[in-house]
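**Q** A single structure is presented below for examination.
The values are calculated or read from the model by the stated rules, or taken from the named source; none is laboratory data. All of these numbers come straight from a predicted model, not from anything done at the bench. Counting neighbours? That spans all protein chains shown, and the Cβs are built from the backbone with ideal geometry, glycine included.
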Amino acid sequence: MGFFQKPFGYEPILSKEDVKQVVKKKKGPRAADWKSTLWRLWKIVDEQRMLLVIVLLLVMVSSIMALLGPYVIGKIIDLYVMHGELSGLGSKITLLIGIYVLLAISLFLQNYWMIGIAQQTIYRLRTSVFTHFQKLPISFFDRRQHGELMSRMTNDIEAVSSTLNSSFIQVFSSVLTLGGTLIIMLSLSPLLTILTMTIIPIMFWAMRWITRRTAPLFKEQQSAMGALNGMVEETISGQRIVKAFSQEERVKAEFRDKSLRLKRTGFWAQTYSGYIPKVMNFLNNMSFTIVAGIGGVLALYGHVSIGVIVIFTEYARQFTRPLNDLANQFNTVLSAIAGAERVFSLLDEQSEMEMSTAKNHTLVGQVTFKHVFFKYDVAQESYTLKDINFTVEPGQTVALVGATGAGKTTILQLIARFYEVTKGEVLFDGINVQQIERQALRCQMAFVLQDPFLFETTVRENIRYGRLDASDEEVIEAAQLANAHEFIMKLKDGYDTVLKADGREISQGQKQLLSIARALIANPKILLLDEATSSIDTVTELAIQEALDRLMQGRTSFVIAHRLNTVHNADVILVMQKGELVEAGLQQELIESGGIYAQMLSASTYHLEE
Amino acid sequence: MKVIFSYVKPYKWTAVIALCLMLMELFVELIQPLIMAKIIDDGVRAQNQQMIIQWGAVLLILSFIAFLAGVINSYFSSHTAQSFAFDLRNALFEKIQSFTLANYQKFSTASLITRLTNDVTQVQTVLFMSLRIMLRAPLAVVGSVVMAFVVNAKLALFLVIGAPIIFVFLIFMVAKGVSYFGKVQKRVDRLNRVLQENLQAMRLVKAYLRGKYEASRFEQVASHLKVDTVKALRTMEYIMPVLLFVMNMSLLAVLWFGTKQVATGTAPLGDIVAIVNYAMRITGSFSMFAFIIIFYARAKASAERMTEVLAVDNEVESASSSIVGASSDMKLGELVFHNVSFQYPGTDATVLSNVSFQVKSGEKLAIMGATGAGKSTLLQLIPRFYDVTEGQIYVEGKDVQQWDLQELRDIIGYVPQQSLLFTGSIADNVRWGDTKAEMDEVLNATMQAQIHASVEDFPSGYDTRVGQKGVNLSGGQKQRLSIARALLRKGHILMLDDSTSALDVKTEQALWDALSEESATMLVVTQKIRTAKGADHILLIDEGKVVAYGSHEDLVQTSELYQKIAISQQEVK
């Protein structure tokens, strides 16, 4: 049976050991996982449960109507058609019309409402994941590919969505029909019923065999999809580099690889899950054979009548159909659970911790680092920051200088509390940062990041992002201060120009001007400028320097800049080297001491007279 | 739909086999009642146990055959569907790789991602389903209708009387479905875009405390998606009741007129019973039918979106094959701009106008100018990310339009303003410059780029994983890695787009010292006079026009703007 082991050259994914592994796991927490996943979904359905009950009632109505229809037709045939009787036929047909109308209405309404319920649930699931994203620490996003996270929001949730849409009703109506037919069958012939039921244990065994394989495969498939998504997102975002280095072939090969993994897992997941209807069909046929063969023999000895056999085969078929449906639904439910688990695992991520004792605090502006040690990752061997100590008084301007990778940006990120210190304390006005509510802290800060980021919206809205209630006049004022007004007016629609994702309408330097304007409008207590002017030409820089100086007045400001000219009027200069604070003081003091800073300074300035 | 389903072609045989297997299953199901009749007539009625066992055994064997056919069908159909999806995905991705940068404007990144995953899955599912179960429903309907006609054509007519109405109705619903589901997919794009934007701007969102604001923005797109999905699905819900209604009315007609015929003795009772039976079978298949329509509409909407991608004309990317006339060594790395003007495609603002200059082999040109003057744009024209609107660019004596794109880009080492790195190891990232480079070549490049020592300091050295877009590296480290990547290319032209802005002065000086040994022609966009001084010539541009060209000494004397820049960088005393 070589074909079944390696069909079309597909390497098997699950080994016998893997399946055993699944079995073992299932006995333990896995089964609970399942139930908890379903339970959590149920909780999200929440306020729609009333409507859900109505849907269930409608399913009952439609199931009964569906059974009633054929019954009435049978009666019509027996009583009227057979005798060519027309009187009274009209009323029976009216009754039939009534049944069909009721059936149609109940079918329509149950689906109509169910779609609403399902999509509302999906909506809640999506938005709760997104809202949760906002609470997650930055380090969570550092570790993951954007495309992979996006896949969870679309492909995984999509799997849940299609299940909720159809399976719920299907499962319920199947169970109802199953019960109904069972009762009829028992009343016809208990013996044959029991014979028909012999297939049920086989069915359970087969289902278990299959789901042990499909459950891990579905999970694997969703994760392969996520990996592919991650790669695509990164490649397309970085298309300029791919082109510049003509690496199209390389990324194509990489894509092919990821795509192949998806194909392989997809093949096995689909093949195994494709067994389900086939097994059900087989059992269907088996029960038919049992009824016909054994029933025939029984009839021979007069235990049952021929009529019963004929009716029974029909009911046996009706009996297995809902089972079949159930089995099919089981399959989609499985893939939905795989999707839901991945979505819930996001919701289970630890959000940024907040001390219960944390309080709102209006900043005065004093910032202290006390023996601060920091590493981004516990696994990291050496510290990114080592024993940092300094105090900045309210209103002071601090310049951070030092080689790249010395830890300057890290210090700013700790002040903004994007990360928690590994050891030591960061204090604001003498209060440990952990005792201050994150919200309260950040709303008194403004940050101009190294890579200016603009949203795909108008220039105006991008500036207003700093303070949402800022008026149009304030936006323009901020833009003027940041020297951005002039170029904005030259854009096609001025302040209403919509910026594109790659921002080709404006240059990198102009992006920086906009993000400075954004910080200006925020009117913060503490200002963090990380290479805010690195891509701006020096003439423009001089022009906005004045604005920045004015902005920094009365606020505690931290500035990182490599062009030392931009830091000349700082109150304190902190010189960083390899994660350590090596010098601190006023510019004049540092120059006179002839240390590292003095050397840096002499290397940077250009003298016209030279 | 046609374009997309042409990708099934290579697998038509496995598809045909899958279909045959499915028909085999169907066949077994259909002859079961016949055998049943045999058992009853020849066995039970004739009191012949032998016959019962014999036919019972036949039934059993047939069941096994059907089962085997079904299981094998599972393999064939999933192979067909998965291979189809695999080929389609690859074709789409390869197409996207051949896009020009201008093409990317037409689709957002998020929308391309949706098309590559979500849309492919939609179509793949439909193919898989149709190979396995979907076709059964239409077949059952057709079969039942044919059988009904065989039994009693007059009565069967009532069954098909509704057919034209149903037909028109279904076509109408498919059209509606395609447009609605197309809209749904667009909403998925929107959602993806907001999500992607947020992931990229996470620090900003946190810094400005815009979590709630962003959440409400997301809620808006999510709710649009919800509303449109609900609308699409609910519209599709009309199919089932309408089908059932028409069919049941036909059934009632059969009953009514059938009874009349029985009364007048024109039709035997058996005919009516049989036709009623077939009618009920048809109705039974309808639930599957409605399902098929929905899936088909979805798949069609998705297929159209993918066709959009596949149908994009690749303007430059595939154009111009290499025209003979190899560059002579004398001109290695030579570059000439001749009256170049440029507007971004689809815009009317002139970014560059009438730019002319020449860089001789091995020369170093510094490009300076105010923010937004057009410096980066100028560089992007050289590897033909965009094509000039007017004028010509000559690289090594040959118009760039005449160059084979691959060859042209092969001789250019480009360091963009924003350093973009990819998930993978540091060594991998540097090797983007030259996939086949030996480790010592990589080391050479990183040493020149002044990043070697920093890499060595990392616990895992060159195997250190670079996180999503290089999050775990400092700005300066990213810049230097991206310089190393360009150096490894050993191109004839090296372009640095203000790519040392995050470097401290000492490191930067060391970098320039190391680069001075390079024989390649260098184009350096810079803000710093100090850097410009080291160049052979300086090109000063303002608002897309060349305002000055010459050496540092010349410009200090002649250019007012240059003097202004120089003054802005003087030491503050």
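**Q** Would you list the helices (runs of 4 or more DSSP H) that sit entirely within region A:452-528 and hold 2 or more residues that are outside the structural domain of residue A:540 (by TED's automatic domain parsing) and either buried (at least 19 other Cβ atoms within 10 Å of the Cβ) or free of Cβ contacts under 8 Å to residues at least 40 places away in the same chain (or both)?
**A** It comes to none.
**Q** Working only within region B:437-459, note down all residues that are in a loop (DSSP other than H, G, I, E, B), surrounded by fewer than 21 Cβ atoms within 10 Å (Cβ to Cβ) and at pLDDT 85 or above.
**A** Those that are in a loop (DSSP other than H, G, I, E, B), surrounded by fewer than 21 Cβ atoms within 10 Å (Cβ to Cβ) and at pLDDT 85 or above: B:437, B:438.
**Q** Does residue B:505 count as β-branched (Val, Ile, Thr) and away from chain A (no Cβ under 11 Å)?
**A** no
**Q** Could you tell me which residue of region A:230-269 is farthest from residue A:334 (Cα to Cα), considering only residues that are facing chain B (nearest Cβ under 7 Å) and in contact with a His (Cβ under 9 Å, 6 or more places away or on another chain)?
**A** Per the stated criteria, the residue is A:237.
**Q** Residue by residue through region A:415-429, note down the ones that are over 13 Å from residue A:387 (Cβ atoms) and touching a Lys or Arg at 6+ places or on another chain (Cβ under 8 Å).
**A** Scanning region A:415-429 gives A:416, A:417, A:418, A:426, A:427.
**Q** So, of the residues in region B:211-225 that are among the small types (Gly, Ala, Ser) and over 13 Å from residue B:193 (Cα atoms), which turns out to be modelled with the lowest pLDDT?
**A** Among residues in region B:211-225 that are among the small types (Gly, Ala, Ser) and over 13 Å from residue B:193 (Cα atoms), the one modelled with the lowest pLDDT is B:211.
**Q** Would you point out which residue out of B:113, B:39, B:17, B:52 is more than 7 Å from chain A (Cβ to nearest Cβ), part of a helix (DSSP H, G or I) and either more than 22 Å from residue A:7 (Cα to Cα) or among the hydrophobic types (A, V, I, L, M, F, W, C) (or both)?
**A** None of the others qualify; the one that does is B:17.
**Q** Any residue at all in region B:214-227 that's closer than 30 Å to residue A:451 by Cα, free of Cβ contacts under 8 Å to residues at least 12 places away in the same chain and of a type in the set (Lys, Arg)?
**A** No: region B:214-227 contains no residue that is closer than 30 Å to residue A:451 by Cα, free of Cβ contacts under 8 Å to residues at least 12 places away in the same chain and of a type in the set (Lys, Arg).
**Q** From A:427, A:385, A:441, which residue is buried (at least 21 other Cβ atoms within 10 Å of the Cβ), under 28 Å from residue A:596 (Cα atoms) and outside the structural domain of residue A:139 (by TED's automatic domain parsing)?
**A** A:385
**Q** Taking residue B:78, is it in contact (Cβ under 8 Å) with a residue 12 or more places away in the chain, over 30 Å from residue B:147 (Cβ atoms), at the interface with chain A (Cβ under 7 Å from one of its Cβ atoms) and in contact with a Ser or Thr (Cβ under 7 Å, 6 or more places away or on another chain)?
**A** Criteria met by residue B:78.
**Q** Only one of (1) within 30 Å of residue A:362 (Cβ to Cβ); (2) within 12 Å of another protein chain (Cβ to nearest Cβ) fails for residue A:554. Which number is that?
**A** All conditions pass for residue A:554, except number (2).
**Q** Please specify each residue of region B:557-573 satisfying the condition of being surrounded by fewer than 16 Cβ atoms within 10 Å (Cβ to Cβ) and outside any helix (DSSP H, G or I).
**A** Hits for region B:557-573 are B:570, B:571, B:572, B:573.
**Q** Those residues that are surrounded by fewer than 18 Cβ atoms within 10 Å (Cβ to Cβ) and among the acidic types (Asp, Glu), I need them from region B:220-239; list them, please.
**A** If the condition is that a residue be surrounded by fewer than 18 Cβ atoms within 10 Å (Cβ to Cβ) and among the acidic types (Asp, Glu), then no residue fits.
**Q** Looking for whichever is farther than 20 Å from residue A:221 by Cβ, in contact with a helix residue (DSSP H, G or I) (Cβ under 9 Å, 6 or more places away or on another chain), crowded, with 17+ Cβ neighbours inside 10 Å and within 14 Å of another protein chain (Cβ to nearest Cβ) here; the options are B:155, B:131. Which one fits?
**A** After applying the criteria, what remains is B:155.
**Q** Another question, then. Have a look at B:442, B:455, B:466, B:395 and point out the one that is in contact (Cβ under 8 Å) with a residue 12 or more places away in the chain, in contact with a Lys or Arg (Cβ under 8 Å, 6 or more places away or on another chain) and in the same structural domain as residue B:521 (by TED's automatic domain parsing).
**A** Just one listed residue meets the conditions, B:442.
**Q** Would a scan of region B:540-556 turn up a residue that is more than 7 Å from every other protein chain (Cβ to nearest Cβ), surrounded by 18 or more Cβ atoms within 10 Å (Cβ to Cβ) and polar (S, T, N, Q)?
**A** No.
**Q** Could you grab me the full set of residues in region A:136-150 that are assigned to a helix (DSSP H, G or I), more than 7 Å from chain B (Cβ to nearest Cβ) and either under 14 Å from residue A:347 (Cα atoms) or touching a helix residue (DSSP H, G or I) at 6+ places or on another chain (Cβ under 8 Å) (or both)?
**A** Matches in region A:136-150: A:140, A:148.
**Q** Please go through region B:493-540 and pick out each residue that is in contact with a His (Cβ under 9 Å, 6 or more places away or on another chain), under 21 Å from residue B:553 (Cβ atoms) and either free of Cβ contacts under 8 Å to residues at least 12 places away in the same chain or small (Gly, Ala, Ser) (or both).
**A** B:532, B:534, B:535, listed by residue number.
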